[in-house]
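Only one structure is covered here, and it is reproduced in the block below.
The values are calculated or read from the model by the stated rules, or taken from the named source; none is laboratory data. Predicted model only: the values in this text are computed from it and were never measured. Here the Cβ is made from the backbone with ideal geometry for all residues, glycine too, and neighbour counts use every protein chain on show. Ligands, DNA and RNA are stripped out before the accessible areas are found, and what is left, the full protein with its side chains, is counted by its heavy atoms. Shrake-Rupley method; radii C 1.70, N 1.55, O 1.52, S 1.80 Å.
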Amino acid sequence: MFSFLFSQHHQRIIIASISLLFSSVLCADQKPYAPENIQDVTIVSAEEVIDMILANPDLIVVDSRKKTEYQKGHIEGAINILNTRLTSEDLGRISPDKSKAILFYCNGTRCLRSSDSIKKAKKWGYQNLIWFRGGWKEWTEKRLPAVTE
Amino acid sequence: MKIESLSIKSSTIAIFSMIGITAIVLSLFAGTYFKQAALDAQMTSLSRVIEVASQEMLKKVRNRTFDLGMKLSHSRELISAVNSFKGTNNTGDKEQLVKLLDDPFVNGFVGVYEIDLNKIRVYNMDMELVAQSSAGRKNLEDKLAGYISTVVSNRKAPDRLKAIDALWMSAQGPLFSTLVPLGGLRPVGYLEIVVNPVFNLPDIGKITKTPVHFYSMSGKQLDSNDQEVTSGYLPVAFTLLASDGEPAFKIIGYENISELSSEMDQTQTVTITGFLLLSLSTLLFALWLFNRFLFTPVSRMIGDMERITRGKLELTVNNKGLREFHIFADAFNSMTEQVRMRTNDLQRLLDLDDSALMCFDHDNEAVYFNEGATSLFGYSSDEIIDLDIADLFTDDISSLLSGADSDEMPRGSLHTVLNCKHKDGHVFQSNASINTVDVMGQSGFAIALTIKTNDEDVPSSQNDQRLNAVEQTLSSLLTFAQENPGVIPGLGNLGLADIGDSETVSQKSLLREHVVKVMNLALACWEHELGKTKLELAEESNIWPVYMDKSTPTTRTLDKYLNIDICPKNPRSQRAVDTAEFVLRNASNSKKVKCKELQEALDAFRQLLSGIKSLSS
């Protein structure tokens, strides 16, 4: 009956969707942590981020979260590029100089987006990468200024 | 109360009862304390719930004020307006600034229905008030709350960008403020959002889901969450403190304890009932154990001992029991064995003599006789004890003794020849030494007989020695028999010998009357119901001896028990009881009047006997 209702292609999609749904449910409580550190990448706290921004007004801050999350609140001056959409060209447009400091952050220690973006940037040859591992969670917990849109 | 009147059983039951009562009282006390402890725990729990709910309420307020603060702090107009007040050239337009601060009051903001916005104020970097909204609460002091001011002044550079929240006490009551930097990461001043927390207090009730009333510290009721409070609620007070530790609100939550009380009562009932049942069953089990291993063995031992002391020396006390009772029973059995051996030795001593030795009491009834006497007269031991002196001798021995002068009794003994009556009726002569002896405090006499033969005479001195030996031995035996009635079968009924004289006489008389009555009724029942004769009663019952008198069987002893005039002065009451029981047993199905009378007479006789026994003991 199943084969009568759906084509073979649709069946595959449905099975894949169901598998994905089950794996998501099973993995919901086991969301992995971001790595403790990334080689050759500087990890900073919220206070250090402020110091760096105030000391270096040209510091590039990349928010690797989704756009909706970014709109709800982000660090002043941050550029929103989702990790999956980050390309070498995009990053090259933002920072043609690969030795210039770029700071990445996402939602926090259980968010893998910023570490993913950093790994990409590192692969593309960027040398001065800074990782705000605590991310937006640490920023809001410390009740630091946020920009909403 | 004397300790002797208490039995082990009653003492044990009393102790167990005390333990049981104590356990019940303690369980009731424990139940009460347990209930109070549960209520205290419930109150503590609700207090903590209120505390958590209060923090949640403040968190919600804090988030809303922070959001509003962040929105305003990035307003370029506001930043520009505040910037114009910077420095010595104060060119700022205060009216414009106030208008900008009034905007959220006029046009609203995100979450306007979730907080009660009271004031928006702007400070410069030195925390001096620049301007405040004209809308909202009036008459607020024109300065930052003391707590926030202190925190700000103590902060280091990076921390100055962090927002500060505080619940603080104004002159008009508690207020909640959030201070955020104006201008983002490069602030030009600070923005304070002031709200009235009373607006959000009912949210506490929504979290606790219980009736909650809110009071100011002066006791004025501020609000409630409109849930009804009935009699089954327990009030729990919680004080919400301001950020500086000063009491801000008094919150009273009401916990519905009716369900808890009902569950507690149920639990208490079940627990106490279970405890009592367990205690009771344990006590009963303990009593059963005591009964099995203490009361019953002791009772059995007492019964055995009583039977032994009544003369059944052949019995032994059952030594099956706990170690102490086992040892005690063995010791008693050993003692009984010694008594039996010594009694037998005494009797054997007298029985070894070839002469017939016998002793009579002051009623002329035989109280002792040795085997020589029974063989001489041809009677058995059971038969001879029922006889009196007239049945055995044709001579009046009392007259002989009273008539003898001192010459005839050189050593207190009268030596003469007595005419003796054999069981079969023939009369024979025998040499006799008669001596007066003390039989239980009364005057009796002992007789030593040797068959008179022509060729051999027993020296009188030898008979005297025998009589002295008999007297001494008898004295020992009689004393023992008095203390242990029925122990020595050859001794007659001495049970009433030590009771006072007048009482003894009246009781003996009553006993004889009852014996005669019971025996006559037994014979009547026997003859009427079974149609048998007196001789048949004696033969079939084996209780009464049958004598051959000139080839004619007679029931001489039984006849005596049927006539009050010739009934022995110390009748053997057990024989009468045995006879009545024998007759009733044989006429068991009869409901005739005679048998009923016999049963009643027997019952009355038993009562009389038990009364005499208790008096004697």
Point to revise | Top-ranked residue in the range A:116-133 [being in contact with a Ser or Thr (Cβ under 7 Å, 6 or more places away or on another chain) and either aromatic (F, W, Y) or within 14 Å of another protein chain (Cβ to nearest Cβ) (or both); ranked as nearest to A:P35 (Cα to Cα)] | key: A:W131
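In this structure, is B:V130 hydrophobic (A, V, I, L, M, F, W, C), within 14 Å of chain A (Cβ to nearest Cβ) and on the phi < 0 side of the Ramachandran plot?
So B:V130 does not fit the description; no.
Applying the selection to the range B:295-329, what residues are over 23 Å from B:K9 (Cα atoms) and modelled with pLDDT of 85 or more?
B:T316
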Practice item. Within the range A:134-149, track down each residue that is at the interface with another protein chain (Cβ under 7 Å from one of its Cβ atoms) and touching a residue at least 40 places away in the same chain (Cβ under 8 Å). Key: A:K142, A:L144, A:P145, A:A146, A:V147, A:T148
Point to revise | From the options A:D97, A:D58, A:D90, residue that is of a type in the set (D, E) and within 17 Å of the chain's Cα centre (by Cα) | key: A:D90
Check your understanding: Does A:I94 qualify as being free of Cβ contacts under 8 Å to residues at least 24 places away in the same chain, surrounded by fewer than 18 Cβ atoms within 10 Å (Cβ to Cβ) and in contact with a strand residue (DSSP E or B) (Cβ under 9 Å, 6 or more places away or on another chain)?
Key -> no
Practice item. Scan the range B:166-186 residue by residue and report those that are facing chain A (nearest Cβ under 8 Å) and crowded, with 17+ Cβ neighbours inside 10 Å. Key: B:V180, B:P181, B:G184, B:L185
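Let's see how each residue does on (1) over 14 Å from A:D116 (Cβ atoms); (2) within 11 Å of chain B (Cβ to nearest Cβ); (3) surrounded by 14 or more Cβ atoms within 10 Å (Cβ to Cβ):
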position	(1), (2), (3)
A:E47	yes, yes, yes
A:N56	yes, no, no
A:E69	yes, no, yes
A:G73	yes, yes, yes
A:E76	yes, yes, yes
A:L86	no, no, yes
A:E89	yes, no, no
Exercise for review: Within the range B:53-68, identify whether any single residue is of a type in the set (F, W, Y), surrounded by 15 or more Cβ atoms within 10 Å (Cβ to Cβ) and modelled with pLDDT of 85 or more, and answer yes or no.
Suggested key: yes
Review point. If you go through the range B:315-337 one residue at a time, do you hit one that is assigned to a loop (DSSP other than H, G, I, E, B) and either of a type in the set (D, E) or in contact (Cβ under 8 Å) with a residue 24 or more places away in the chain (or both)?
Key: yes
Exercise for review: Please identify the pairs in which a residue from the range B:48-66 that is within 14 Å of chain A (Cβ to nearest Cβ) has its Cβ atom under 9 Å from the Cβ atom of a residue that is open to solvent by 70 Å² or more (accessible area, probe 1.4 Å) and not in a helix (DSSP H, G or I), counting only partners at least 6 apart or on another chain.
Suggested key: B:R64/B:V110
Practice item. Can you confirm whether the range A:98-108 contains a residue that is out of contact with any helix residue (DSSP H, G or I) (no Cβ under 6 Å at 6 or more places or on another chain), of a type in the set (A, V, I, L, M, F, W, C), at negative phi and surrounded by fewer than 18 Cβ atoms within 10 Å (Cβ to Cβ)? Key: no
Practice item. Would you be able to say whether some residue in the range B:356-367 is open to solvent by 80 Å² or more (accessible area, probe 1.4 Å) and without any contact (Cβ under 8 Å) to a residue 40 or more places away in the chain? Key: no
Review point. Restricting attention to the range B:579-586, does a residue exist that is β-branched (V, I, T), at pLDDT 85 or above and in contact with a helix residue (DSSP H, G or I) (Cβ under 6 Å, 6 or more places away or on another chain)?
Key: yes
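Yes or no, residue by residue, for (1) open to solvent by 60 Å² or more (accessible area, probe 1.4 Å); (2) in contact with a Lys or Arg (Cβ under 8 Å, 6 or more places away or on another chain); (3) under 30 Å from B:A331 (Cα atoms):
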{"position": "B:V212", "(1), (2), (3)": "no, no, no"}
{"position": "B:M217", "(1), (2), (3)": "yes, yes, no"}
{"position": "B:A242", "(1), (2), (3)": "no, no, no"}
{"position": "B:I252", "(1), (2), (3)": "no, no, no"}
{"position": "B:N256", "(1), (2), (3)": "yes, no, no"}
{"position": "B:L260", "(1), (2), (3)": "no, no, no"}
{"position": "B:F293", "(1), (2), (3)": "yes, no, yes"}
{"position": "B:M301", "(1), (2), (3)": "no, no, yes"}
{"position": "B:E306", "(1), (2), (3)": "yes, no, yes"}
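Take B:A23 and tell me if it is under 42 Å from the mean Cα position of the chain (by Cα) and open to solvent by less than 60 Å² (accessible area, probe 1.4 Å). First the steps, then the outcome.
On the way: under 42 Å from the mean Cα position of the chain (by Cα): yes; open to solvent by less than 60 Å² (accessible area, probe 1.4 Å): yes.
Spelling it out, B:A23 is indeed under 42 Å from the mean Cα position of the chain (by Cα) and open to solvent by less than 60 Å² (accessible area, probe 1.4 Å).
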**Study point:** Within the range B:72-85, tally of residues that are more than 22 Å from B:L167 (Cβ to Cβ) and within 13 Å of chain A (Cβ to nearest Cβ)
**Key:** 4
Check your understanding: Of the residues that sit in the range B:361-394 and are assigned to a loop (DSSP other than H, G, I, E, B) and hydrophobic (A, V, I, L, M, F, W, C), which one is modelled with the highest pLDDT?
Key -> B:L387
